[in-house]
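The next block holds one structure in the form of structure tokens; read it before the comments.
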Amino acid sequence: MSSTPDPATPAGASAPSEQSEREAAAPSVEIPVPTGEVRLLSAVQRRLLRVPGSREAAVLLSHVGEHALGWMAVAGAGMVLDPARRGRWAMVGVGTFGAHATSVAVKRVVRRRRPAHPSVTVGVGTPSTLSFPSSHATSTTAFALLAGAVSGVPIAPALVPLMSASRLVLGVHYPSDVLAGVAVGTGCAAFTRAAWPTELVQRVLPESLRDAATGPGAAENPEEKR
């Protein structure tokens with residue numbers, strides 16, 4: 001059976017796909033990127049790429065932080081290797097995942113496109129074209145703050161700047177994307193630490209992950225007060 005061509009489609013042109021139509025219909029509140037920020041990204045990238053091994057280290061961090069899987073794996077290892085604080089390591093994993101999910105939700109509202117300028121070199125593939133905020137910076141910040149609180153090792157001052165710089169080295173985010181990611185991750189970590197010990201959260205957790213006593217502030221470890 002032959003099909004009748006769409007009269008609205010010019011001869012030799014293909015009809016728009018359903019995906020294209022959906023993308024066109026999607027609401028967009030895209031934040032414009034100032035020209036100055038493009039220049040800043042280009043300048044920072046050139047300077048960082050002069051550091052030997054910077055690109056290779058940035059690619060490694062990109063893979064570890066992709067979808068926060070590396071950080072959640074560390075939280076899972078903590079649950080196995082540190083049974084006395086199994087519930088607290090579960091908090092690290094949940095908080096890290098929640099931070100990543102939050103960044104993805106914000107991206108879909110803001111819909112800023114990733115850097116695409118001749119002066120910027122893109123050094124790694126990305127799962128989406130959306131840029132604001134940086135999900136790597138968001139989830140890494142949340143993980144570093146939560147894991148540092150549980151373990152007593154202050155890893156955030158080293159890990160967060162490294163991950164943030166790596167996104168600029170690879171040319172996949174603007175500086176404001178990274179700064180916003182750090183801010184969102186910090187907020188998510190604070191919310192997680194405040195909500196986790198509450199009776200509402202403790203009640204829905206498996207018994208093996210519950211704190212010794214429920215209620216606000218009941219589950220604070222000495223390390224977490226540092």
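As a summary of the residue check, I155 satisfies the conditions (1) aliphatic (A, V, I, L, M); (2) out of contact with any Lys or Arg (no Cβ under 7 Å at 6 or more places or on another chain); (3) closer than 17 Å to G93 by Cα; (4) open to solvent by less than 20 Å² (accessible area, probe 1.4 Å) except for the one numbered (4).
Only one of the numbered conditions (1) at pLDDT 95 or above; (2) crowded, with 17+ Cβ neighbours inside 10 Å is not met by A73, and that is (2).
Tell me which of these H63 doesn't satisfy, since it passes every other one: (1) assigned to a helix (DSSP H, G or I); (2) closer than 15 Å to R167 by Cβ; (3) open to solvent by 20 Å² or more (accessible area, probe 1.4 Å); (4) in contact with a helix residue (DSSP H, G or I) (Cβ under 7 Å, 6 or more places away or on another chain). Only one criterion in (1) assigned to a helix (DSSP H, G or I); (2) closer than 15 Å to R167 by Cβ; (3) open to solvent by 20 Å² or more (accessible area, probe 1.4 Å); (4) in contact with a helix residue (DSSP H, G or I) (Cβ under 7 Å, 6 or more places away or on another chain) is unmet by H63, namely (4). Considering every residue within region 137-146, establish whether at least one is under 19 Å from F191 (Cβ atoms), surrounded by 23 or more Cβ atoms within 10 Å (Cβ to Cβ), in contact (Cβ under 8 Å) with a residue 40 or more places away in the chain and in contact with an Asp or Glu (Cβ under 8 Å, 6 or more places away or on another chain). The answer is yes, given that some residue of region 137-146 is under 19 Å from F191 (Cβ atoms), surrounded by 23 or more Cβ atoms within 10 Å (Cβ to Cβ), in contact (Cβ under 8 Å) with a residue 40 or more places away in the chain and in contact with an Asp or Glu (Cβ under 8 Å, 6 or more places away or on another chain).
In this entry, A90 is excluded by the filter for residues that are in contact with a Phe, Trp or Tyr (Cβ under 8 Å, 6 or more places away or on another chain), of a type in the set (A, V, I, L, M) and closer than 26 Å to F191 by Cα.
Considering only residues in region 103-114 that are closer than 20 Å to A68 by Cα and open to solvent by 20 Å² or more (accessible area, probe 1.4 Å), the one that is nearest to the chain's Cα centre (by Cα) turns out to be V104.
For region 161-184, the tally of residues that are more than 11 Å from the chain's Cα centre (by Cα), of a type in the set (V, I, T) and part of a helix (DSSP H, G or I) stands at 1.
Contact map, region 102-123: first residue under 21 Å from T35 (Cα atoms) and at pLDDT 90 or above, second residue among the basic types (K, R) and assigned to a loop (DSSP other than H, G, I, E, B), Cβ cut-off under 9 Å, separation 6 or more or different chains; pairs are V122/R114.
Might you check whether a residue that is of a type in the set (V, I, T), open to solvent by less than 30 Å² (accessible area, probe 1.4 Å) and either on the phi > 0 side of the Ramachandran plot or part of a helix (DSSP H, G or I) (or both) occurs anywhere in region 115-131?
No; the residues of region 115-131 include none that is of a type in the set (V, I, T), open to solvent by less than 30 Å² (accessible area, probe 1.4 Å) and either on the phi > 0 side of the Ramachandran plot or part of a helix (DSSP H, G or I) (or both).
The values are calculated or read from the model by the stated rules, or taken from the named source; none is laboratory data. Predicted model only: the values in this text are computed from it and were never measured. Using ideal geometry, Cβ is built from the backbone for each residue, glycine included, and neighbour counts are taken over all protein chains shown. Calculation scope for accessible area: heavy atoms of the full protein, side chains included, ligands and nucleic acids excluded. Shrake-Rupley method; radii C 1.70, N 1.55, O 1.52, S 1.80 Å.
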